[in-house]
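Worksheet: the structure to be examined is printed underneath.
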Amino acid sequence: MTRDLTRWPLRLASLLACLLFWQVAASQKLDLGLFTFTYVPTPSAVLEAAWQLLASSALLAHVSSSLARVFAGYLAAAVLGVALGLLIGRSTWAEDTLLPPLEVLRPIPAVAWIPLAILMFPSSELSMVFITFTGALFPILLNTVHGAEAVDPRLVASARSLGAGRGAILREVVLPGALPSIVTGLAIGMGTSWFCLVTAEMISGQFGIGYYTWESYTLQNYPDIIVGMLLIGVLGMGSSTLVKRLGALATPWYCARRAA
């Protein structure tokens, strides 16, 4: 705990340095050749736009819409990803039959799923949740597979020799051993779900942070674009931190070993 507190000054100094560079570059309209800050708004302009959004009724509608879509798709991906990951990680038959088609689908970017999602689902809301689901599924699935495969076979053999059945081995040996990897996948999946949701909202949404950011771009409200980006970053970071904290509570033995 004390070690974490001593690291906060450096972290705050890093953020302040980034803000200072942004202020100087935007106010001086810095041109670095490959990219330019000519049209980038200053932090003060962004702060003013953020205050206007905070004072309006639109903020709650945008944030609540995005949160509902993210958590609906994410929870479905977490349940299915962990279940499939444990099955594939512990069964050769499941690995041979389920993993190949999933590996084919995994590299497809979220934006490529949008036309098919619109055709598959009766509403744009469900299609956006599906895009979020696909983004979160594969990090959770692959990390769960890795964690299940990494469980020491000697532990499984020992449990079996003591009379444990398949259910007991899964519950008492495989799941605790794979849990740190599962938590990592859940944290990564939360970040990718935000990325995919914003992509979907830019095309199919009427409310949401992604829609707000894209609308600001079409209207050339440049400070509002930065506000939308920062909202995405803050909510994504907060969601991932929440998953990590819950994961740390679920794996106290792993956190204690890392701290040592």
(message) So Ala68 passes all but one of these: (1) under 27 Å from Pro176 (Cβ atoms); (2) without any contact (Cβ under 8 Å) to a residue 24 or more places away in the chain. Which condition number does it fail?
(response) (1)
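So how many residues does segment 7-57 have that are over 16 Å from Leu230 (Cα atoms) and in a helix (DSSP H, G or I)? I'd like the intermediate steps shown before the answer.
Looking only at segment 7-57, we keep the residues that are over 16 Å from Leu230 (Cα atoms), and these are 7-14, 17, 20-21, 24-39, 55-57.
Filter again for in a helix (DSSP H, G or I), leaving 7-14, 17, 20-21, 24-27, 55.
Qualifying residue count for the region: 16.
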(request) With the condition kept exactly as written, say whether any residue in segment 189-210 is within 20 Å of Val40 (Cα to Cα) and either at pLDDT 85 or above or open to solvent by 20 Å² or more (accessible area, probe 1.4 Å) (or both). (result) yes
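Inside segment 67-125, can you point out the residues that are charged (D, E, K, R) and within 14 Å of Pro139 (Cβ to Cβ)? It would help to see each step written out before you state the result.
So in segment 67-125, the residues charged (D, E, K, R) come out as 69, 90, 95-96, 103, 106, 125.
If the condition is that a residue be charged (D, E, K, R) and within 14 Å of Pro139 (Cβ to Cβ), then Glu103, Arg106 are the ones that fit.
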(message) Kindly evaluate Ser57 against the criterion of being out of contact with any Cys (no Cβ under 8 Å at 6 or more places or on another chain) and open to solvent by 20 Å² or more (accessible area, probe 1.4 Å).
(response) yes
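Looking at Ile114, Ile131, Ile182, Ile118 in this structure, which one is aliphatic (A, V, I, L, M), under 21 Å from Ala68 (Cβ atoms) and either at pLDDT 90 or above or touching a Pro at 6+ places or on another chain (Cβ under 9 Å) (or both)? Outline the logic, then answer.
Numbers: Ile114 fails: either at pLDDT 90 or above or touching a Pro at 6+ places or on another chain (Cβ under 9 Å) (or both); Ile182 fails: under 21 Å from Ala68 (Cβ atoms); Ile118 fails: either at pLDDT 90 or above or touching a Pro at 6+ places or on another chain (Cβ under 9 Å) (or both).
From the options Ile114, Ile131, Ile182, Ile118, the qualifying one is Ile131.
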(request) From Leu53, Leu19, grab the single residue that is under 19 Å from Tyr211 (Cβ atoms), modelled with pLDDT under 90 and among the aliphatic types (A, V, I, L, M). (result) Leu53
(message) Quick check on my filter: what residues within segment 216-251 are without any contact (Cβ under 8 Å) to a residue 12 or more places away in the chain, closer than 16 Å to Leu59 by Cβ and open to solvent by 70 Å² or more (accessible area, probe 1.4 Å)?
(response) Val234
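The values are calculated or read from the model by the stated rules, or taken from the named source; none is laboratory data. Here the structure is a predicted model, which is why all the values come from computation and not from measurement. Cβ sites come from the backbone with ideal geometry, for glycine too, and all protein chains shown count toward neighbours. Quick note on the areas: whole protein, heavy atoms, side chains included, nothing else; ligands and nucleic acids left out. Shrake-Rupley method; radii C 1.70, N 1.55, O 1.52, S 1.80 Å.
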